[in-house]
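Trainee: This is the structure I have questions about; it appears just below.
Any read-out appearing in this document is the output of simple, stated calculations on the displayed coordinates, not a laboratory observation. Because the structure is a prediction, the values reported are computed rather than measured. Virtual Cβ from ideal backbone geometry, glycine too; neighbours counted across all protein chains shown.
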Amino acid sequence: ADKKETRGFEAEVSKLLHLMIHSMYSNPEIFLRELVSNASDAADKLRFEALSKPELLGDDSELGIWISVDPEAKTLTLRDNGIGMSRDEVVANLGTIARSGTSEFMKNLSGDEKKDSQLIGQFGVGFYSAFVAAERVVLTTRRADAASHEAVRWESEGTGEFTVESIEQAERGTSITLHLRESAQEFAEAFRVRSIINKYAEHIALPVHLLQKAEKDDEADSWEVVNQAKALWTRPRTEVSDEDYQAFYKHVGHDYENPLSWSHNKVEGKLEYTSLLFVPGRAPFDLYQRDGARGLKLYVQRVFIRDDAEQFLPLYLRFIKGIVDSNDLPLNVSRELLQSSDIIDSMKAALTKRSLDMLSKLAGDPEKYATFYAAFGQVLKEGLAEDFANKDKIAGLLRFASSTTGEGKAEVSLADYIGRMKEGQDTIYYVTAENYVTAANSPHLELFRKKGVEVLLLTDRIDEWMMSHLTEFDGKKFQHIGKGEVDLSAIAGEGNEPEVSEADTKQAEALVERLQKALSERVKSVRTTTRLSESPTCLVLDSFDPGFQMRQLMEAAGQ
Ligand code: ADP
Ligand code: MG
C-alpha cells in the first residue's frame with residue numbers, strides 16, 4: 001500500500017470543489033483562514049491525545065504554525081506540528097466528505113450556480129478552499145503516533161483525482177504547499193500574506209510564525225510570531241475586538257459569514273467556567289437531521305477535549321455555536337461523566353438561560369431578530385415541549401403574523417399582542433392554517449375584525465402541535481378561534497348581540513334541520529352562529545379536536 005496510488009475524488013467532492021471555486025472567487029483569501037483553522041484544530045487534537053500519551057510530543061512540544069512564501073516558485077506553504085494524519089485518514093479526509101447528510105444536501109443543489117453557491121456557505125468551505133488559490137496542492141503529513149517512514153504525500157489539482165504515496169518525514173504534523181494560480185499570485189507576496197494573516201490569526205490560540213526574508217545576503221531568514229497566541233475566551237471582554245469575536249466564530253462555527261450576536265462570560269464561584277456563545281445568521285444544512293452536528297466545543301482548563309459536546313444545551317438550542325471551558329471537570333472527562341453529572345446539569349441550566357437572554361437582547365434589534373427568526377424560529381418552538389422551566393421565556397421570544405399587521409411577516413410578540421388587547425379582553429386569540437393567505441381570509445376572523453380584536457395567524461407546520469404545549473402566557477389563556485364557542489360579548493365595541501327576530505329563528509331552525517340531515521355523515525352538528533357577518537357558513541372544530549395540521553401530521557405518521 002505504500003506505492004503511489006491515483007484515486008478519484010468522491011463525486012460529491014468534485015461537485016463541491018467546482019461550486020466552491022465559483023462562489024469564492026471574489027474573496028479568495030478565505031482559504032488562508034481555513035488552513036490556519038485546521039492547523040489550530042490539529043494542535044488541539046494533539047494536546048488532547050498527549051494527555052494520555054505524553055510521549056507523542058517528544059522534544060517538539062512547542063506547537064505552532066509556520067507560514068512562508070516563495071515568489072519565484074509562486075508558492076505558499078503552511079506547516080504545523082499538530083496531530084498529522086495517517087494514510088487512511090488522508091484518503092478519508094481529503095478525498096471524500098465524511099459529514100453525515102452530505103448526499104442529502106447535494107441533492108438539494110439545483111444546478112443554478114448562483115443559488116448553489118449560497119448553499120455552499122451553509123456547508124462550510126474547509127480544506128478544499130485551497131483550490132480557489134492553487135492550481136496544485138501538495139500535502140505531506142505524519143501522524144504523531146506513526147514512524148517516520150509512515151508519512152504520506154498527497155497531491156491534487158483539484159479537478160477529479162489525487163495521488164497518495166507513503167514517504168519518509170522526520171517531523172510530526174502537516175505541511176501544505178499551494179502552487180498558486182496565475183490569478184492568485186498576490187498570495188506569494190510576503191506583505192500581502194502578512195496583512196491577511198494578521199486578520200485571521202489573532203483569535204488563534206497557537207503561535208503563527210511568518211518567515212521574514214533577510215534584507216542582506218549575509219543575514220539569515222527569521223521567523224516572526226504575528227499573534228498573541230492566547231485562547232481568545234481567556235482574554236477580558238474589553239480587550240477583544242468585534243472583529244476578533246467574528247473571526248473566532250468563523251473558526252468554531254465553520255461559517256464564513258458573521259454571527260448575529262455573541263455572549264462571553266466568565267463564571268466564578270461554586271463552578272468555574274468560561275463560555276463564549278454565538279447566534280449564527282443562517283441555518284446549517286443539517287439543522288433538521290437527526291445526526292446533524294450540534295453542541296459546543298468543550299475545553300477543560302484550556303485543553304481541547306471534544307467537538308460537538310451536546311450535553312451543555314438542550315436540543316432546541318442546537319443552533320447555538322461556541323465553546324465552554326471548564327475548570328471543574330477532569331481532563332480525562334469521559335462520555336459517561338458528560339452524560340450524568342451535577343456539574344454538567346448546572347452548567348446546562350446556566351448556559352440555557354444565557355442563550356435565551358442573548359436572544360432576548362437580540363430581539364431589541366428587529367432587523368437582526370427577523371433574520372434569526374427566519375432561520376431558527378421553528379427550532380425554538382420545539383423548546384415549549386422540551387424545556388418546561390423556560391417555557392415563558394421561550395414563548396416571549398416567539399413572533400407571529402397577525403390579523404392587524406396585515407403583512408404576513410412573523411413580527412408580533414405575545415407581549416405586543418397583550419399590550420394591544422381590547423378593554424375586557426382576557427384571551428389571546430389565534431387561528432391556524434396552511435398558509436398566510438388562507439389564515440388571513442378565514443371566515444372565523446369576521447367577528448374579530450368587526451370588533452377590532454387582533455388574532456394571531458399561525459401557519460408553520462408545527463404550530464398546532466406547539467399550541468398544544470402553550471396554553472397560557474402572562475396569565476392569559478389562548479383560544480383557537482375556529483374551535484368551540486367563541487364569546488366576545490365582554491369586549492367593548494361593535495358586533496355584539498346581533499338582533500335576531502323570532503321569525504328568523506324559526507326559519508333558521510328549519511334550515512339547520514335540513515342541513516343536518518344532508519350532512520349527517522360528514523359533520524357532527526350544524527348550528528346557527530353570530531360569529532359570521534359576511535360568509536354564510538364556516539367549519540368549526542370542537543375544543544378538543546385535533547386541528548387540520550395535526551390531522552395531516554397524524555395521517556403522515558400512519559395514524
Ligand atoms: P473541518 O475542519 O470542518 O473538519 P476541513 O475540510 O477543513 O473540514 O478539513 C477536513 C479534515 O481534514 C479535518 O477534519 C481534519 O481531520 C483533516 N485535516 C485538515 N487539515 C489538517 C491538518 N493541518 N492536520 C491534521 N488534519 C487535518
Ligand atoms: Mg477546517
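Trainee: Which of the peptides 328-339, 293-304, 157-168 is most tightly packed, and how do the rest follow, judged by the mean count of other Cβ atoms within 10 Å per residue?
Mentor: 293-304, 157-168, 328-339
Trainee: Sticking with this structure for a sec: Given a Förster radius of 45 Å and the C-beta distance between SER533 and LEU109 as r, what FRET efficiency does 1/(1 + (r/R0)^6) yield to the nearest 0.05?
Mentor: Once rounded, the FRET efficiency stands at 0.35.
Trainee: Based on the mean of other beta carbon atoms within 10 Å per residue, what is the order of 433-440, 126-133, most packed first?
Mentor: Top to bottom by mean Cβ count within 10 Å: 126-133, 433-440.
Trainee: So if I take the alpha carbon set of the chain, get Rg, then get Rh from the Kirkwood formula, what is the Rg over Rh ratio?
Mentor: Taking Rg over the Kirkwood Rh, I get 1.10.
Trainee: What number in nm² do you get for the stretch 336-451 if you take the convex hull of its Cα atoms and divide its surface by four? Intermediate results must be reported in sequence, preceding the final value.
Mentor: Working: hull surface 37.5 nm².
Answer in nm², one decimal: 9.4.
Trainee: Continuing with the same structure: Where both residues lie in the stretch 268-381, what percent of DSSP beta bridges are antiparallel, nearest 5?
Mentor: Working: 10 of 14 bridges.
DSSP beta bridges in the stretch 268-381 are roughly 70 percent antiparallel.
Trainee: Assign one of three labels to the stretch 191-343, namely rounded, prolate or oblate, based on the Cα gyration tensor with a ≥ b ≥ c the square roots of its eigenvalues; rounded applies when a/c is under 1.5, prolate when it is not and a/b is larger than b/c, and oblate otherwise.
Mentor: prolate
Trainee: Moving on to the next point. Kirkwood hydrodynamic radius (Cα pairs, Å) of the stretch 412-485?
Mentor: Value: 12.7 Å, from the Cα pair sum.
Trainee: Compute the whole-percent fraction of alpha carbon pairs in the stretch 437-479 spaced more than 13 Å apart.
Mentor: Values: 570 of 903 pairs.
Distances greater than 13 Å cover 63 percent of the Cα pairs.
Trainee: Hey, another quick one. Viscosity 1.306 mPa s, temperature 10 °C: what is the translational diffusion coefficient of the stretch 395-441 from Stokes-Einstein with a Kirkwood Rh over Cα pairs, rounded to a whole number of µm²/s?
Mentor: Working: Rh = 11.4 Å.
Reported coefficient: 139 µm²/s.
Trainee: Quick one: which residues, 5+ away or cross-chain, put their amide H under 5 Å from the amide H of LYS483? H built at 1.01 Å from N.
Mentor: Long-range HN contacts for LYS483: LEU541.
Trainee: Dividing the alpha-carbon radius of gyration of the stretch 167-254 by 2.2 N^0.38 Å (N being the number of residues), what value is obtained?
Mentor: 1.33
Trainee: Using alpha carbon coordinates only, what is the Rg to Rh ratio of the stretch 1-65, with Rh defined as the Kirkwood radius?
Mentor: Rounded to two decimals, Rg/Rh equals 1.14.
Trainee: Could you calculate, for the stretch 54-127, the ratio of the Cα radius of gyration to the Kirkwood radius, expressed as Rg to Rh? Walk me through the numbers before you get to the answer.
Mentor: Values: Rg = 18.1 Å, Rh = 16.2 Å.
Answer for the stretch 54-127: 1.12.
Trainee: I've got another one for you. Which length gain, in nm to one decimal place, applies between ALA147 and SER195 when the Cα-Cα distance is subtracted from 0.36 nm times their residue separation? Spell out each step's value before the answer.
Mentor: On the way: separation 48, 0.36 × 48 = 17.28 nm, distance 3.70 nm.
Full extension of this stretch gives 13.6 nm more.
Trainee: Also, I was wondering about something else. At 4 °C and a viscosity of 1.567 mPa s, what translational diffusion coefficient does Stokes-Einstein give for the stretch 126-170, taking Rh as the Kirkwood radius over Cα pairs? Give it in µm²/s as a whole number. All intermediate terms of the calculation are to be shown ahead of the outcome.
Mentor: Working: Rh = 11.4 Å.
D = 114 µm²/s.
Trainee: If you don't mind, there's one more thing I want to ask. Considering every Cα-Cα pair within the stretch 64-188, what fraction, in whole percent, is farther apart than 24 Å? List each step's numbers first, then the result.
Mentor: Working: 2838 of 7750 pairs.
Within the stretch 64-188, distances greater than 24 Å cover 37 percent of Cα pairs.
Trainee: Then there's this: Counting pairwise Cα distances across the stretch 267-377, what percent come out greater than 25 angstrom?
Mentor: Pairs farther apart than 25 Å: 23 percent.
Trainee: Right, something else. Restricting to the chain, what percent of DSSP beta bridges are antiparallel, rounded to 5?
Mentor: Around 80 percent antiparallel, to the nearest 5.
Trainee: Once both axes come from the Cα atoms, what is the angle between helix 11-24 and the longest principal axis of the chain, in degrees from 0 to 90, rounded to 10?
Mentor: Helix 11-24 and the main axis of the chain meet at about 90 degrees.
Trainee: Going by C-beta contacts inside 10 Å, put MET347, MET358 in order with the fewest on the left.
Mentor: MET358, MET347
Trainee: Arranged by the count of other C-beta atoms within 10 angstrom, fewest first, what order do TRP465, TRP233 take?
Mentor: Lowest count first: TRP465, TRP233.
Trainee: Give the angle, between 0 and 90 degrees and rounded to the nearest 10, that separates the Cα long axis of helix 366-381 from the longest principal axis of the Cα atoms of the chain.
Mentor: 80 degrees
Trainee: Could you derive backbone 3J(HN,Hα) for the stretch 421-431 from the dihedral phi with the Karplus parameters 6.51, -1.76 and 1.60 (θ = phi - 60°), listing whole Hz in sequence and x where the residue is Gly or Pro?
Mentor: Karplus values, whole Hz, x for Gly and Pro: 4, 6, 4, x, 7, 10, 10, 8, 9, 8, 9.
Trainee: With each run of n ≥ 4 DSSP H residues scored as -39500 (n - 2.57), what mean residue ellipticity at 222 nm is computed for the chain after dividing by its residue count and rounding to the nearest 500 deg cm²/dmol?
Mentor: So the calculated ellipticity at 222 nm is -10000 deg cm²/dmol.
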